[in-house]
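Notes follow once the structure below has been shown.
The values are calculated or read from the model by the stated rules, or taken from the named source; none is laboratory data. What you see is a predicted model, and the numbers here were worked out from it, not measured in a lab. Don't worry about glycine lacking a Cβ; one is built from the backbone with ideal geometry, like all the others, and counts go over all protein chains shown. Quick note on the areas: whole protein, heavy atoms, side chains included, nothing else; ligands and nucleic acids left out. Shrake-Rupley method; radii C 1.70, N 1.55, O 1.52, S 1.80 Å.
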Amino acid sequence: MPYDHKKIEKKWQKEWAKNNFAEWHAEDFGAKQKKYVLDMFPYPSGEGLHVGHLVGYVGSDIASRYFRMNGFNVLHPMGWDAFGLPAENYAIKNKIHPRIAVEKNIKNFKKQLNSVGFSYDWSREINTTDPDYYKWTQWIFLQLFKSGLAYEADLPVNWCVSCKTVLANEEVKDGACDRCGSAVLQKNMRQWALKITAYADRLLEDLDGLDWPEPIKEMQRNWIGKSEGAEIEFKINPPVGGVIKVFTTRPDTLFGATYVVLAPENPLIQNLESRIQNLEEVEKYITQSKKKTQLQRQKEEKEKTGVELKGIKAINPANGEEIPVWVADYVLMSYGTGAIMAVPKHDERDREFAEKFKLPIVDMPLVNKDEIVKKVGGKKQTQYRLRDWIFSRQRYWGEPIPIIKCPKCGNVAVPENDLPVKLPEVKNYKPTGTGESPLAAVSEWVNVNCPQCGGKAKRETNTMPQWAGSCWYYLAYVTKARNSKFEIRDSDFKRRARFWLPVDLYIGGVEHAVLHLLYARFWHKFLYDIGVAHTKEPFQKLLNQGLVLGPDGQKMSKSRGNVISPNETIEKFGADALRMYEMFMSPFGDQKPWDPKSIVGLRRFLDRVWKFGQHFADIDSRVARALNQTIKKVGEDIEEFHFNTAISALMILLNEMEKRITHPLASLELRRSGPTPSQREGENGEGDFVIFLKLLAPFAPHLTEEIWSKLGNKSAQGRPASGWKSIHLESWPEYDPKLVEEEAFQLIVQINGKVRDKFEAPVNISQSEAERLTLAREKVKLALENRKPRKVVWVPKRLINLVV
RNA sequence: GGGCAGGUGGCGGAACCGGAAUACGCGUACGGCUUAGAACCGUAUCCCGAAAGGGUUGUGGGUUCAAAUCCCACCCUGCCCACCA
């Protein structure tokens with residue numbers, strides 16, 4: 001009989017919640033060694049969780065349970081990243097207030113998570129939209145502001161026409177909005193930005209000490225994009241005042257520079273206006289290129305365009321030659337100095353441009369970098385590709401930026417005692433599209449007195465981006481012990497943080513490689529600098545779970561209709577089967593399609609475990625070896641997140657145990673299904689089976705708990721007295737190293753590298769003995785045809801190879 | 001164009017510190033059980049061949065007693081970045 005997963009899983013979820021074991025909670029300042037196991041928390045979207053979201057959560061749950069069984073004090077919390085566009089767009093579409101939508105969605109998410117049987121410490125649950133929470137998001141912003149790291153300026157920004165807000169560079173993908181895929185326009189707007197570039201070097205260097213997947217580190221390195229070079233000045237002829245500064249990583253090619261190119265946005269062009277003979281043409285070109293979106297620029301397949309500034313020449317400082325000056329949009333204002341020296345002999349882009357516009361391409365001797373820089377009066381310089389983080393959004397559903405704009409005093413910080421600046425209720429929270437946030441319309445909220453001079457002033461009406469709340473949430477869990485409020489300034493917090501930080505194991509998707517993970521590292525480093533955090537990095541070890549594709553091999557999405565919800569799967573196969581299938585289907589980090597058929601294999605396995613537990617099982621002692629090997633294998637595999645092979649090992653062990661059943665009746669009953677009352681306590685077999693159950697427990701927590709309690713390990717009834725004994729509070733089984741080693745092995749006999757025979761031999765067989773036995777074998781004699789081996793290769797415990 | 005990861009049965013994958021390629025699971029076939037089906041149990045299942053035997057880890061080459069594993073060249077797929085000077 002298959003087990004009744006609906007009944008069993010509900011029952012234990014209720015018991016676990018009701019009993020709320022202290023052992024499942026993280027214990028601040030506990031004596032056991034701490035382990036902080038963290039999931040990237042979800043956006044509670046309206047669609048609910050799909051099976052792909054669960055892969056990471058299942059993995060971290062297995063790890064957490066395993067660490068608890070190994071005697072660690074595990075902090076494994078969960079919360080909600082509920083501000084931002086997904087929540088707001090959902091609310092707009094369904095015509096409910098985002099606050100209400102988020103509440104509803106969180107309820108649904110929590111229900112879904114609980115139905116999978118996760119062992120989260122819900123006493124530390126957080127929600128980034130909770131004013132008690134975002135009070136501290138705002139507080140950190142104010143510290144950044146006071147340190148000069150948050151500033152407002154006219155900046156070139158990305159504007160999403162559909163989301164009607166500016167975006168950070170990190171949120172633009174292939175020239176389109178990462179969120180909605182719409183075109184992104186380049187605009188100049190007055191915006192708040194965070195000076196992440198001030199941390200570029202530290203963000204780069206400290207990657208080395210992190211136990212992160214190498215590709216993620218590489219992505220961050222590329223994003224930061226450090227390059228060393230020099231800034232070199234080119235004098236202008238006629239001398240109109242000012243010089244053209246260029247940045248180059250190859251000053252050694254300076255002799256080959258045959259023209260100079262300015263970015264269309266380069267302000268120098270305005271200074272030169274009076275001398276430009278073809279001003280009209282130049283201005284037309286500039287206007288045109290400004291109109292292009294990034295997407296358009298890319299679609300034009302990098303076909304070079306540009307216009308010469310006639311009447312203007314630059315002087316190559318290496319050889320004093322006069323060279324032409326051009327304006328072209330292949331040079332970007334936002335990188336370097338917004339001007340380049342073009343070396344068409346050496347640089348492919350310059351060559352393409354030179355060929356198109358018939359500019360000279362000359363050979364040059366390469367010279368010593370440092371010497372030439374010195375000689376022409378240039379200076380060494382380091383450039384980063386990383387830009388400051390555009391931090392304001394013209395949207396309603398975010399943390400208000402806690403700044404008051406006073407006509408007299410300028411931008412004034414909201415006094416700390418006035419935090420949080422609560423997001424006001426509004427009737428219309430739709431984005432305006434004018435560049436103003438919907439908050440600007442709430443006059444009773446906007447109009448305030450300046451905290452500095454007392455005069456009339458207005459609140460900043462932009463809100464923070466979605467990433468703000470997730471920049472410090474791992475600290476919030478630490479702060480929020482047992483439902484207390486957040487406070488990250490006092491010594492109590494600092495003691496807790498010192499106890500728990502850094503996060504020992506952080507699990508989430510690759511998609512955050514240069515978004516959340518870079519932003520959070522930046523904030524953490526700032527918090528370190530102001531003495532809030534004591535570690536240089538927040539997340540010591542990072543693992544990425546692989547993406548789950550739909551059954552059609554495509555990315556799961558509502559529009560494709562290939563989204564698999566955990567709800568139906570749990571209904572049909574149970575949470576334990578779902579958990580195991582997700583871990584078994586591929587290596588943890590691999591992308592994988594969902595195969596609706598394969599999950600039955602895991603369910604079959606669990607049914608066989610159930611049957612085994614229903615009937616007593618006298619297992620013969622030869623299983624001991626397999627058992628010890630499995631204890632070793634499963635433990636090692638869990639530590640390395642090789643869950644697929646851990647499960648395979650458990651399957652092999654169960655197969656083995658079924659083969660070794662000595663009681664004929666039990667054997668029969670296991671093979672058929674049928675009622676049997678028999679259960680003996682104290683059998684050898686039961687001991688072995690119980691060990692197997694413990695190994696399986698982190699993967700299939702419900703089923704193992706049920707069998708465990710049925711085996712006489714006191715069920716939950718009658719709790720809270722001392723009756724409770726959950727399998728999840730048991731110790732992880734230990735293996736006997738002697739029993740892991742095999743006594744015998746299949747000795748492979750090769751002749752010229754080809755397998756010709758094999759026979760069983762004791763592990764400690766000597767080479768001479770193995771040779772003697774090998775040469776005596778019929779098959780070998782036949783294959784040798786009287787030839788004598790000219791060489792014998794002997795690999796202990798594996799093979800013997802006769803070379804003739 | 002640059003960087004990174006990866007190509008193994010009908011499918012997901014295992015082995016990858018060089019040592020039996022295809023563990024484990026899905027699927028499929030046949031048999032059992034069953035009034036029948038489902039479920040379950042058993043057996044088989046990389047390819048060619050009746051067998052002996054031979055072949056097989058994207059392709060081609062190399063190193064080695066021995067290569068899925070190491071080296072070189074090429075092809076393909078996925079992800080990230082992309083006119084960053």
Whole number in Å², please: accessible area per residue of region A:348-440, 1.4 Å probe, ligands, DNA and RNA not counted.
54
Whole-Å distance linking the alpha carbon centroid of region A:504-532 with that of region A:403-461 is 29
Note the full-extension length gain between A:Lys485 and A:Lys555 as 0.36 nm times their separation in residues minus their Cα-Cα distance, in nm to one decimal.
21.2 nm
Starting from the Cα of A:Arg798, step 7 Å toward the Cβ, then list every residue of region A:747-769 with an amide N under 18 Å from that point.
A:747-768
Under a crude label model (7 Å from the Cα following the beta-carbon direction), how far is A:Asn655 from A:Asn94 in nanometres?
4.6
Ranked from highest to lowest mean number of other Cβ atoms within 10 Å per residue, what is the order of the peptides A:207-220, A:571-584?
A:571-584, A:207-220
Hits in region A:246-269: amide N under 11 Å from the 7 Å Cα→Cβ extension of A:Ser227, namely A:247-251
Find how many whole Å separate the alpha carbon centroid of region A:38-69 from the alpha carbon centroid of region A:603-658.
24
Between A:Lys375 and A:Tyr335, what is the FRET efficiency for a Förster distance of 30 Å, r being their Cβ-Cβ separation, to the nearest 0.05?
0.75
Gyration tensor (alpha-carbon) shape descriptor, chain A, a/c threshold 1.5
oblate
Per residue accessible area of region A:237-278, 1.4 Å probe, in Å²
39
Flagged as over-length at 32 Å C-alpha distance, from A:Lys235/A:Lys356; A:Lys18/A:Lys485; A:Lys10/A:Lys422; A:Lys95/A:Lys422; A:Lys427/A:Lys485, the pairs are A:Lys10/A:Lys422
For an R0 of 56 angstrom, estimate the FRET efficiency from the Cβ-Cβ distance between A:Ser443 and A:Asn567 and round to the nearest 0.05.
0.80
When the label point is put 7 Å from the Cα of A:His534 along its Cα-to-beta-carbon vector, which residues of region A:464-507 have a backbone N closer than 14 Å?
A:490-503
Two-site label geometry, A:Glu436 and A:Asn278: point separation in nm, points 7 Å out along Cα→Cβ
4.4
Express the C-alpha Rg of region A:535-655 as a ratio against the empirical globular expectation 2.2 N^0.38 Å, rounded to two decimals.
1.29
Report the gain in length on full extension from A:Glu27 to A:Lys710: 0.36 nm times residue separation, minus Cα-Cα distance, nm rounded to one decimal.
242.9 nm
Span from the region A:245-293 Cα centroid across to the region A:165-214 one, whole angstrom
26
Per residue solvent-accessible surface (Å²) - region A:84-235, probe of 1.4 Å:
40
Prolate/oblate/rounded label for region A:380-535 (Cα gyration tensor, a/c 1.5):
prolate
Share of carbon and sulfur in the accessible heavy-atom surface of region A:274-429 [1.4 Å probe, %]:
48
Enumerate the calculated ³J(HN,Hα) couplings along region A:467-478 in order (Karplus 6.51 cos²θ - 1.76 cosθ + 1.60, θ = phi - 60°), each rounded to whole Hz, writing x wherever the residue is Gly or Pro.
7, 4, x, 7, 6, 9, 5, 5, 7, 4, 4, 5
With the cut-off at 1.5 for a/c, could you classify region A:26-108 from its C-alpha gyration tensor as rounded, prolate or oblate?
prolate
Under 19 Å Cα to Cα from A:Lys541, which lysines show up? Leave out anything in the same chain fewer than 8 places away.
A:Lys34, A:Lys35, A:Lys217, A:Lys525
A:Gln270 to A:Glu322: FRET efficiency via 1/(1 + (r/R0)^6), r the Cβ-Cβ distance, R0 22 Å, to the nearest 0.05?
0.50
Taking θ as phi - 60°, what are the ³J(HN,Hα) couplings along region A:509-520 by the Karplus curve (6.51, -1.76, 1.60), each to the nearest whole Hz, with x for Gly and Pro?
x, 5, 4, 9, 3, 10, 9, 3, 5, 7, 4, 5
On the protein heavy atoms, probe 1.4 angstrom, tell me the percent of accessible surface of region A:504-610 carried by carbon and sulfur.
52
